[in-house]
Protein chains: 2
Amino acid sequence: MTIKAYVYDAYGTLFDVHSVAEKAESLYKGKGKEISEQWRKKQLEYFMLHQLTGNYKPFSEVTKNALLYTLKNLSLSCNEDDLHDLMNAYLELNVYEEVRETLQTLKNKSKKQTIYSNGTYEMLKPLVEKRELDHLLDVLSVDDVKQYKPSPIAYKYALETLGVDRNEVLFMSSNFWDITGAASFGFRTAWINRAGLEVDELGIKPDYIFHDLSEIVTV
Amino acid sequence: MTIKAYVYDAYGTLFDVHSVAEKAESLYKGKGKEISEQWRKKQLEYFMLHQLTGNYKPFSEVTKNALLYTLKNLSLSCNEDDLHDLMNAYLELNVYEEVRETLQTLKNKSKKQTIYSNGTYEMLKPLVEKRELDHLLDVLSVDDVKQYKPSPIAYKYALETLGVDRNEVLFMSSNFWDITGAASFGFRTAWINRAGLEVDELGIKPDYIFHDLSEIVTV
């Protein structure tokens, strides 16, 4: 079956969310890594809880609330300028090193490529432009339907927007929860297992497991 | 407003899930605490993902799968007997020390008391009997509707079963995600903050925050 649409998760998959550790370290000496890790953990927990309880809040707000909790939890004070700087770090995340070349290779083969993310357009567009990927792929956000991945409604929206059949989509994510939702919905999936984790026991097997994104050109 | 129903979460609230560390330690020397912590973390992650993706699996299966992942992740081998022993430890969790007296006090005041848990009846009933709480409260499981807390559908089922108004329910949990769902649904809530955590930034304030369960008799 030919792949007609290459669809990419953003955070953790194309962009390194832990790039924020550098800014956090500059503000809170010796705490950068811990802040970054707790911040991400809470961000994931919070959007999933909003989805589970049926109270959607945009990812920008979720991300800010996760940061506020993290600083409170670590007994770190924070003024408006620091908060602004830390949130701005999310608009300048590093892109993983193999990403641009991989996207370019598929672009050269005239493949349709799209980011599909829980982030808002206000978070994603500056990031994609900053990292000079905007000529390589489109950007689509769950904020259009206000239902977070891994809810089936979220993947359905992407499918309808792409206008292809669901088994013509190859969905890439480094987040196993995202692979679980996408595979369960019927997308073909490639888990970009950057952290070298074990496959979760959720009754889902990704079609492909790769160490980084470059291997998708072999599919 | 009079409280007509006292509703308790089970795991972490009445029963200490980390009691399993002792059995784990006896099987995997020096690893008991780590196994217990990862096991619980994965158990929470897994049932939430099943709920989010619309693929309900009973909590007994989720709990077993979380254990299997944990052992795999820690590179620990496991035979059927060990697995059986570890799963059985879930049927013999310790009850927190103030629980029985608190329930008895409310029972003496003829208050209606119910456990409402994500666990299955096969997990909850032996536990409640083992810890001699069965004469103090009823047991209700989300397995009847196959929708996990903190989904609103799960709390709705409890409400209908109890036959009271939603603001006549006082819902107790040590899990903030459960308090979030219950409060969002309209129950009155008491967060039993055993671990002394900060309030999560989810736009929800519990009606009461207590250090242990005994304080609920003052409400």
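The values are calculated or read from the model by the stated rules, or taken from the named source; none is laboratory data. Everything numeric here is computed off the predicted structure, so don't read it as measured data. Heads up, the Cβs are rebuilt from the backbone with ideal geometry, glycines too, and the neighbour counts pull from every protein chain shown. Ligands, DNA and RNA are excluded from the accessible area calculation, which covers all protein heavy atoms including side chains. Shrake-Rupley method; radii C 1.70, N 1.55, O 1.52, S 1.80 Å.
In deg cm²/dmol, rounded to 500, what helix-only [θ] at 222 nm does chain B give when every DSSP H run of at least 4 residues adds -39500 (n - 2.57) and the total is split over its residues? Working shown, then result.
Numbers: 8 runs with 96 residues, N = 219.
So the calculated ellipticity at 222 nm is -13500 deg cm²/dmol.
Measuring label to label, 7 Å along Cα→Cβ, what does residue A:144 give against each other copy in nm, shortest first?
When each copy's label point is compared with this one, the spacings are 4.1 nm.
Run the quick spin-label model on residue A:135 and residue B:194: label points 7 Å from Cα toward the beta carbon, then report their separation in nm to one decimal.
5.9 nm
State the number of lysine pairs found in region A:17-91 whose Cα atoms come within less than 24 Å, restricting to pairs 8 or more positions apart or on distinct chains.
Taking the Cα cut-off of 24 Å, the pair count is 26.
Quote the FRET efficiency, to the nearest 0.05, computed for residue B:219 versus residue A:37 with a Förster distance R0 of 45 Å and r equal to the Cβ-Cβ distance. Numbers along the way, then the final one.
On the way: r = 37 Å, r/R0 = 0.82.
According to the calculation, E is roughly 0.75.
I need the GluC sites (Glu not before Pro) found in region A:82-162, filtered to DSSP loop residues with at most 16 other beta carbons within 10 Å of theirs. Walk me through the intermediate numbers first.
Values: sites: A:92, A:97, A:98, A:101, A:122, A:129, A:132, A:160; in loops: A:92, A:97, A:98, A:132.
Answer in residue order: A:92, A:97, A:98, A:132.
Rg to Rh for region A:86-129: what is it, with Cα atoms only and Rh by Kirkwood? Walk me through the numbers on the way to the answer.
Working: Rg = 12.2 Å, Rh = 11.9 Å.
The Rg/Rh ratio comes out at 1.02.
Hey, rough spin-label estimate for residue B:111 and residue A:146, points 7 angstrom out along Cα→Cβ, what's it come to in nanometres?
The two pseudo-label positions are separated by 3.7 nm.
Near residue A:12, within a Cβ-to-Cβ distance under 14 Å, what is the net charge of the other residues, with Lys and Arg +1 and Asp and Glu -1? Write out the running numbers ahead of the final one.
On the way: positive: A:40, A:41, A:149, A:194; negative: A:9, A:16, A:37, A:178, A:212.
Surrounding charge for residue A:12 is -1.
Report relative contact order for region B:17-91 in percent, whole number only (criteria: Cα-Cα under 8 Å, sequence separation at least 6).
Numbers: 61 pairs, mean separation 25.2, N = 75.
Relative contact order comes out at 34 percent.
Can you list the residues, at least 5 places off or on another chain, whose amide H is less than 5 Å from the amide H of residue A:139, using H built in the peptide plane?
Under 5 Å from the amide H of residue A:139: A:115.
When we measure straight from the Cα of residue A:112, which lysines land under 16 angstrom away, once same-chain ones fewer than 8 places off are left out?
Cross-link targets: A:4.
Residue A:189's amide H: which non-local residues (gap 5+, or another chain) put their own amide H closer than 5 Å, with H modeled 1.01 Å from N in plane and none for Pro or chain starts?
A:171, A:207, A:208
Tell me, what is the 1.4 Å probe accessible area of residue B:41, in Å² to the nearest 10?
We get 120 Å² for residue B:41.
Any idea how far apart residue A:97 and residue B:87 come out in nm if each label point goes 7 Å out from Cα toward Cβ?
Going from the residue A:97 label point to the residue B:87 one covers 4.5 nm.
Hey, in the GNM for chain A with a 10 angstrom Cα cutoff, which one of A:178, A:16, A:200 fluctuates hardest?
Highest fluctuation among the options: A:200.
In the protein assembly as shown, if the dipole is taken from +1 on Lys/Arg beta carbons and -1 on Asp/Glu beta carbons about the Cα centre, which of B:5, B:117, B:137 is farthest to the positive end?
B:5
Add +1 for every Lys or Arg and -1 for every Asp or Glu among the other residues with Cβ under 13 Å from the Cβ of residue B:214, and state the total. Please report the intermediate quantities before stating the final value.
Working: positive: B:100, B:194; negative: B:97, B:98, B:101, B:212, B:215.
Summing Lys/Arg as +1 and Asp/Glu as -1 gives -3.
Between residue B:94 and residues 5 or more places away or on another chain, which pairs have amide H atoms under 5 Å apart, with H built 1.01 Å from N, and which residues are they?
Under 5 Å from the amide H of residue B:94: B:16, B:19.
Hey, could you get me the Stokes-Einstein D for the protein assembly as shown, Kirkwood radius over alpha-carbon pairs, 4 °C and 1.567 mPa s, rounded to whole µm² s⁻¹? Before the final figure, lay out the partial values.
Working: Rh = 23.2 Å.
D = 56 µm²/s.
Does anyone have the angle between helix A:32-53 and the longest principal axis of chain A? Alpha-carbon axes, 0 to 90°, nearest 10?
Between helix and principal axis, roughly 60 degrees.
Given chain A, report the % of alpha carbon pairs whose separation exceeds 33 Å.
Working: 3104 of 23871 pairs.
For chain A, the fraction of Cα-Cα distances above 33 Å is 13 percent.
Counting DSSP beta bridges in the protein assembly as shown, what percent are antiparallel, to the nearest 5? Working shown, then result.
Working: 4 of 44 bridges.
Bridges in the protein assembly as shown that DSSP calls antiparallel: roughly 10 percent.
Kindly report the accessible area of chain B per residue (heavy atoms of protein chains, probe 1.4 Å, no ligands, DNA or RNA), in Å². Please list the in-between numbers first.
On the way: 9330 Å² over 219 residues.
In whole numbers, chain B has 43 Å² accessible per residue.
For region A:17-91, just the Cα atoms, rotate onto the principal axes and tell me the three extents in Å, largest first.
38, 21, 18
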